[in-house]
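Notes to accompany the following structure.
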2 protein chains.
Amino acid sequence: MIETLGVIGGGQLGRMLTLVAKRMGYRVIVLDPQEHSPCGQVADEQIVAAYDDRAAIEELGHRSEIVTYEFENIDIGSVEHLERCGHRVTPSSGVLRITQDRLLEKTFVRGCGIATTEFAAISSALDAEAAAARTGLPAIVKTIRGGYDGKGQWRVDSVEAVRRAFEEARGAPLILEREVDFACELSVIAARGGDGVIVAFPVAENAHDNGILARTIAPARIEPNLAVRAQEMASAIGRGLGIVGTYCVELFLTRGGELLVNEIAPRPHNSGHFTIDTTPCSQYEQHVRAICSLPLSPPRMFCGGVMMNILGDGNGNHLAGTEALLADPTIVLHVYGKRHAVARRKMGHFTMLVDGPIDDAVLALASCALGKLSWR
Amino acid sequence: MIETLGVIGGGQLGRMLTLVAKRMGYRVIVLDPQEHSPCGQVADEQIVAAYDDRAAIEELGHRSEIVTYEFENIDIGSVEHLERCGHRVTPSSGVLRITQDRLLEKTFVRGCGIATTEFAAISSALDAEAAAARTGLPAIVKTIRGGYDGKGQWRVDSVEAVRRAFEEARGAPLILEREVDFACELSVIAARGGDGVIVAFPVAENAHDNGILARTIAPARIEPNLAVRAQEMASAIGRGLGIVGTYCVELFLTRGGELLVNEIAPRPHNSGHFTIDTTPCSQYEQHVRAICSLPLSPPRMFCGGVMMNILGDGNGNHLAGTEALLADPTIVLHVYGKRHAVARRKMGHFTMLVDGPIDDAVLALASCALGKLSWR
């Protein structure tokens, strides 16, 4: 009988996960170093501690029947320690190990028979030339571990630039990835239960702005056969990982019509927020169901959706314009309770519900809606 | 700028209200005498105090920009005190005064030109005969104040029984209401903004079991013109009350096709739970929007719904059978986090999402789904 869920990480993903878990009657304890974290504000309790604080992690394990995490850049040693102590952690440390490491991850995806962008490891400045020869240029240098929202990434167009990036990274292991001339960026949100059942949401289409997700359109405006293929790839990856929980597979659709896997996130994902407002069982509920051994729900969309991230701009911490925004009955607003609206920080999002096709006029409306908001 | 909502009352209605308010980014402080109340478990903070504890009520007023309540049997003196101190309370004490008092309420409804059941006040045993003559028998004796879920009610079929009920009530002021031979029980969930705009959800059809709501069907299976008339009656009542917030008007549809108002609740209502899962903006979000001076959202249903209350049976505090229940993808489950599943206590509910007509086969499925659950 699972009564209490432990969540490592107190950001907005943990918050939205907790709101669903509470609705379903679970107690939630979150571990995060920052007091009054977005997730801690809605959880039953927050343990304020670093992610690698073994005593705190053990306490979380003791006090919950199952532990999960809301982002993958947590201390894997802590997760392994919990597992060794006999606590259930889902997804497992094995999944985490692969998805924390861009090199392992891409190698794993290829091992599943699925295409990725061309890549090469760089472990010394001497590797730069060979790596660049393998991937071609321009390419993207990324740290193998850590980094998100475009942090720890450098676009390079010469071997010299690769070497400079290596110096800038101060010895952190790097991966070089060929820059893809994509037609669009896609993601598939899926969930896998402990019984091996996998459900995949309709494919989402993403637009980034300087490495940060700006907009998601669901369902993606792509050929049905490509959408099915992307879902199959996500299923194969979930099966291969043996993950239990919600996960996200990000892909590029090249101009040549090829699907290349870019990244896996072993958790609910920003590009799956649309599922909260457009489906009866969101990516968060699928995650709760998966980790609590409840049956997953075959996804069904009430309507289409355009999700727009609301970023801080550094001009103030009070969101203004919600009155104008909410005059549009197609808008559902989510605000994360972060105190400081630092520039480009994810502060909230909204979903615009769309019944017909999602065309340029709809996207213009969504941008216009976002423009009604400001920080004061 | 409203940042913090104060909620008097920590039950499931406050909990569901808080889950929405948190999603929208508000802080929530709840006041309830019971520690770890269902609402307190999801709020930022709970003030543990009696509803008539003036110091605690003042603290709630000081620490929130607006105070609301999740049930109407709270101390009106506390609400008036808050108002005198200059705090905003919504709905106002004026609305509360009318809706706390069955006699004032029915008189008010008639004053709006809207039909109610026949009624008569009983302030002494001597009134019994005249009251019974006015309403006819059988009738229902109800306490004028307090009482919910069928508590404080007696069905009577003789003047003698009316007198006995009066004695049993130990001098509490009573109202006698003619028993209506109804075709069905209906409710309209509506919300009124501070700007006077009123929105009404599709009419719901309710089935009670011994005074406790058992099932709600939405939309109600009645003629469209009757549904429109019921919504108009609810709007007229909201306008007359000048209420700001979500409210519920319960009605009887008589076998003769007449609509009679039975009761008003100045708050979100059990029979409006269906709005969480079948519409983009639930009765709870409409309430938050109304009290925070945000625009209301014209209701729109993604699909129909059958809401079934999950009651305790006194056999245990652990809900069993959720795995079987959730194997049906049309079910959305809500559990309130109450520790003790006392017999007939409201512990949770589920909504069955229905795309086609809600016929007997669908209702049988909903009952069957409820039958999968038990307490251990």
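State whether region A:18-133 is rounded, prolate or oblate according to the following rule on the C-alpha gyration tensor (a ≥ b ≥ c being the square roots of its eigenvalues): a/c under 1.5 gives rounded; otherwise a/b larger than b/c gives prolate, and the remaining case gives oblate. Prolate, because a/c is 1.5 or more and a/b exceeds b/c.
Summarising the label geometry, the points placed 7 Å from Cα in the beta-carbon direction at B:Ala324 and A:Gln153 lie 4.9 nm from one another.
Across region B:81-90, coupling constants 3J(HN,Hα) worked out from phi with the 6.51/-1.76/1.60 Karplus curve, θ = phi - 60°, read 4, 4, 4, 4, 6, x, 7, 8, 10, 9 Hz, and Gly and Pro carry x.
Across peptide A:126-137, how many C-beta atoms of other chains are within 10 Å of each residue C-beta, on average? Could the numbers behind the result be given before it?
On the way: counts 0, 0, 0, 0, 0, 0, 0, 0, 0, 0, 0, 0.
Mean partner shielding for this stretch: 0.
A point 7 Å from Cα along Cα→Cβ stands in for B:Lys151, and the other copies hold the same point at 5.2 nm, listed in rising order.
Listed values for region B:191-196 are Karplus-derived 3J(HN,Hα) couplings in whole Hz (6.51 cos²θ - 1.76 cosθ + 1.60, θ = phi - 60°), namely 9, 10, x, x, 7, x, and x replaces Gly and Pro.
With θ taken as phi - 60° and the Karplus curve 6.51 cos²θ - 1.76 cosθ + 1.60 applied, the whole-hertz 3J(HN,Hα) list for region B:30-41 is 10, 10, 7, x, 8, 4, 6, 4, x, 6, x, 5 Hz, x standing for glycine and proline. Database remark: amide H of B:Val354 closer than 5 angstrom to the amide H of B:Gly304, B:Gly305, B:Val306 (H placed geometrically; neighbours at sequence offset of 5 or more, or on other chains; Pro and chain starts carry no H).
The sum of -39500 (n - 2.57) across all DSSP H runs of n ≥ 4, divided by the residue count of chain B, sets its helix-only mean residue ellipticity at 222 nm to -9000 deg cm²/dmol. Scanning chain B for the beta carbon that comes closest to the axis linking it by rotation to A yields B:Phe302, 2, distance in whole angstrom. The residue list B:Phe108, B:Ala132, B:Ser158 was ranked by how far each Cα lies along the charge dipole of region B:106-158 toward its positive end, using unit charges on Cβ atoms, and B:Phe108 comes out on top.
With springs only between Cα atoms under 10 Å, which of B:Ala218, B:Ala343, B:Ala49 fluctuates most in a Gaussian network model of chain B? Looking only at B:Ala218, B:Ala343, B:Ala49, the largest GNM fluctuation is found for B:Ala343.
Determine the shape class of the protein assembly as shown: with a ≥ b ≥ c the square roots of the Cα gyration tensor eigenvalues, call it rounded for a/c under 1.5, and otherwise prolate if a/b is greater than b/c, oblate otherwise. Each step should come with its number before you reach the end.
Numbers: a/c = 2.16, a/b = 2.12, b/c = 1.02.
Judged from the Cα gyration tensor, the protein assembly as shown comes out prolate (a/c at least 1.5, a/b above b/c).
Given R0 = 30 Å, the distance between the Cβ atoms of A:Arg239 and B:Glu3 translates into a calculated FRET efficiency of 0.05. Comparing B:Glu167, B:Glu105, B:Glu263 in a Gaussian network model of chain B (Cα springs below 10 Å), the most mobile by mean-square fluctuation is B:Glu167. Each DSSP beta bridge with both residues in chain B is either parallel or antiparallel, and the antiparallel ones are about 80%. Using only side-chain charges placed at the Cβ, +1 for Lys and Arg and -1 for Asp and Glu, the dipole size of the protein assembly as shown relative to its Cα centre rounds to 220 debye. Counting from the shortest, the label point at A:Arg84, 7 Å from Cα toward Cβ, is 6.6 nm from the same position in each remaining copy.
Over region B:117-182, what is the mean sequence separation of C-alpha contacts under 8 Å (at least six apart), divided by residue count, expressed as relative contact order in percent?
Relative contact order for region B:117-182 comes out at 47 percent.
Anyone know which of B:Pro299, B:Pro224, B:Pro38 comes out most mobile in the 10 Å Cα GNM of chain B? Most flexible of the set in this elastic network: B:Pro224. Using the structure shown, list the pairs from A:Lys22/A:Lys372; A:Lys22/B:Lys22; A:Lys142/A:Lys338; A:Lys151/A:Lys346; A:Lys106/A:Lys151 with a Cα-Cα distance above 21 Å, or answer none. Exceeds cut-off: A:Lys22/A:Lys372; A:Lys142/A:Lys338.
Under the convention that each Lys and Arg Cβ holds +1 and each Asp and Glu Cβ holds -1, the size of the dipole of region A:4-89 around its Cα centre is about 420 debye. Taking the centroid of alpha carbons for each part, region B:334-376 and region A:17-93 are 31 Å apart. When A:Glu45 is represented by a point 7 angstrom out along its Cα-to-C-beta vector, the spacings to that point in the other copies are 2.0 nm, nearest first.
How would you classify region B:182-375 from its alpha-carbon gyration tensor, with a ≥ b ≥ c the square roots of the eigenvalues: rounded for a/c under 1.5, else prolate if a/b is greater than b/c, otherwise oblate? It is prolate, given that a/c is not under 1.5 and a/b is the larger ratio. Between the amide H of B:Val244 and those of B:Ser92, distances stay under 5 Å, these residues lying 5 or more places away or on another chain, with hydrogens modeled in the peptide plane. Distance from the alpha carbon centroid of region B:234-313 to that of region A:218-236 works out to 40 angstrom.
Under unit Cβ charges (Lys, Arg +1; Asp, Glu -1), what dipole magnitude, rounded to 20 debye, does region B:182-375 have relative to its Cα centre? Intermediate results must be reported in sequence, preceding the final value.
Working: 15 positive and 17 negative charges, 115 e Å.
Roughly 560 debye for region B:182-375.
Looking only at other chains, what is the average number of their beta-carbon atoms within 10 angstrom of each beta-carbon in B:39-47?
Details: counts 0, 1, 7, 9, 2, 5, 0, 0, 0.
The shielding value for this peptide is 3.
A simple spin-label model places pseudo-atoms 7 Å from Cα toward Cβ; at A:Arg339 and A:Arg300 they are separated by 4.4 nm.
With Rh defined as the Kirkwood radius, the inverse of the mean 1/r over Cα pairs, the Rg/Rh of chain B is 0.95.
FYI, it's all coordinate maths here, none of it is from the lab. Treat the numbers as computed from the prediction; the structure is a model and nothing was measured. Virtual Cβ from ideal backbone geometry, glycine too; neighbours counted across all protein chains shown.
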